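The values are calculated or read from the model by the stated rules, or taken from the named source; none is laboratory data. Keep in mind the model is a prediction, meaning the values are calculated, not measured. Please note: Cβ atoms are built from the backbone with ideal geometry, for glycine as well, and neighbour counts cover all protein chains shown.
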Amino acid sequence: MTPDLMEAGAQRFERAAPAPAAAASGGRSPGYARPAVPGEVDVTHGRILYLEDVHVSFDGFKAINGLQLDIAPGELRCIIGPNGAGKTTMMDIITGKTRPDKGTVFFGSTIDLLRHNEPQIAQLGIGRKFQKPTVFEHLSVFENLELALKTHKGVKHSMFFRLDSAQSGRLAEVLHTIHLAGSEARLAGELSHGQKQWLEIGMLLMQQPKLLLLDEPVAGMTDEETARTAELFLSLKGSHSLMVVEHDMHFIRAISEKVTVLCDGAVLAEGTLDQVQADERVIEVYLGR
Ligand SMILES: Nc1ncnc2c1ncn2[C@@H]1O[C@H](COP(=O)(O)OP(=O)(O)OP(=O)(O)O)[C@@H](O)[C@H]1O
Ligand SMILES: [Mg+2]
């Protein structure tokens, strides 16, 4: 069969069970030989995220310089590294906020993220949490979660939107996961800093992301909030893939399996926390003597 015929077949398959428009890679059906299941990320190659030889310069400064990284489905990957290492820039590239000058960025084995823009990438199932909580302070916890769902679904006329029973069930489940069950009527503005962070994570969870990118999620939290956030992330692992950037080593120790150390826009070391903490180069650039 020629690629054209295979493409036509894949398109027929899509018509039979329509996928969201954004799921097609750059307007083309993802995959020739095996039609991708609509709405699903193909992880048959054991990776949910794959970056190869990625480069970005800002005015000649190489913020990302030959970055190579991949994440397995269900993995909780920790990323550490000195200020300016390129950790946030890497998340900007994955989420479509920054275009790399060169390189490959794939979500599963069929979705080329460089062919999608920021809203499409969110729709594909990559959720991102920035450092500062961005909840709607004048709305209740419940309304914030409901709004996250509406926004994701592109509901224009919110007045007529009603949660169906599956969505109500999910909202209750998310409230429980983020330790805010019983607080749904409270105004978000009244929550502690840590609770606002959890609420924002809950807003991401309402959108059922497959991969979550979290940039310094425990910055500014109390020790107790940090410990509960560690529990929360461990509970998400397996059913979600997570990439967590943090400077708090106690937190990293509580959640980590594999740790990647970034420095000067590339991977300096990778391994368990004990392994990377014993690495002379990591001690030199980050952990200090
Ligand atoms: N839009 C931009 N324009 C110019 N320079 C930028 C831009 N974004 C990032 N940089 C530079 O790229 C480098 C990497 O920044 P980045 O924010 O990714 O580091 P980081 O590892 O997240 O650091 P931190 O731990 O402090 O958050 C820094 O030197 C930063 O000043
Ligand atoms: Mg950063």
Would you mind telling me which numbered condition in (1) touching a strand residue (DSSP E or B) at 6+ places or on another chain (Cβ under 8 Å); (2) within 16 Å of ligand 2 (Cβ to nearest atom); (3) more than 25 Å from Leu199 (Cα to Cα) Tyr50 fails?
-> (2)
Test Lys87 against the criterion of being within 16 Å of ligand 1 (Cβ to nearest atom), charged (D, E, K, R), surrounded by 21 or more Cβ atoms within 10 Å (Cβ to Cβ) and at pLDDT 95 or above, and give yes or no.
-> yes
Check the range 106-128 and report whether any residue there is within 25 Å of Ser239 (Cα to Cα) and within 13 Å of ligand 2 (Cβ to nearest atom).
-> yes
Evaluate the following for Leu76: is it within 16 Å of Leu211 (Cβ to Cβ) and within 16 Å of ligand 1 (Cβ to nearest atom)?
-> no
Can you run down the residue pairs with Cβ atoms below 8 Å, 6 or more apart or on separate chains, where the first is in the range 120-132 and in a loop (DSSP other than H, G, I, E, B) and the partner is aromatic (Phe, Trp, Tyr)?
-> Gly125/Phe107
Picked from the range 249-289 (must be of a type in the set (Ser, Thr, Tyr) and more than 16 Å from ligand 2 (Cβ to nearest atom)), the residue surrounded by the fewest Cβ atoms within 10 Å (Cβ to Cβ) is Thr272
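Table: residues versus (1) buried (at least 24 other Cβ atoms within 10 Å of the Cβ); (2) part of a loop (DSSP other than H, G, I, E, B); (3) of a type in the set (S, T, N, Q); (4) away from ligand 1 (no atom under 16 Å from the Cβ).
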| site | (1), (2), (3), (4) |
| --- | --- |
| Leu180 | no, yes, no, yes |
| Glu184 | no, yes, no, yes |
| Gln195 | no, no, yes, yes |
| Leu199 | yes, no, no, yes |
| Met203 | yes, no, no, yes |
| Gln208 | no, yes, yes, yes |
| Leu212 | no, no, no, yes |
| Val218 | yes, yes, no, no |
Among the residues of the range 47-70, count how many are surrounded by fewer than 22 Cβ atoms within 10 Å (Cβ to Cβ), in contact (Cβ under 8 Å) with a residue 60 or more places away in the chain and away from ligand 1 (no atom under 14 Å from the Cβ).
-> 3
Picking from Leu180, Leu175, which residue would you name as being in contact with a helix residue (DSSP H, G or I) (Cβ under 6 Å, 6 or more places away or on another chain) and among the hydrophobic types (A, V, I, L, M, F, W, C)?
-> Leu180
Taking Val43 and the conditions (1) modelled with pLDDT of 95 or more; (2) more than 16 Å from ligand 2 (Cβ to nearest atom); (3) in contact with a Gly (Cβ under 6 Å, 6 or more places away or on another chain), which numbered condition does it fall short on, given that it satisfies the others?
-> (1)
Go over the candidates Leu236, Leu232, Leu214, Leu262 one by one and state the one that is under 30 Å from Asp42 (Cβ atoms) and touching a His at 6+ places or on another chain (Cβ under 9 Å).
-> Leu232
If we keep only residues of the range 220-248 that are within 16 Å of ligand 2 (Cβ to nearest atom) and either touching a Cys at 6+ places or on another chain (Cβ under 7 Å) or outside any loop (DSSP other than H, G, I, E, B) (or both), then the residue farthest from Arg128 (Cα to Cα) is Glu246
Specify the residue that is farthest from Val174 (Cα to Cα); the eligible residues are those in the range 225-269 that are free of Cβ contacts under 8 Å to residues at least 24 places away in the same chain and away from ligand 1 (no atom under 16 Å from the Cβ).
-> Arg253
List, please: which pairs have Cβ atoms under 7 Å, are six or more places apart or on different chains, and start with a residue in the range 77-90 that is under 18 Å from His55 (Cα atoms) and end with one that is part of a helix (DSSP H, G or I) and more than 8 Å from ligand 2 (Cβ to nearest atom)?
-> Gly81/Tyr286
Could you check how many residues of the range 90-104 are within 8 Å of ligand 1 (Cβ to nearest atom) and charged (D, E, K, R)?
-> 1
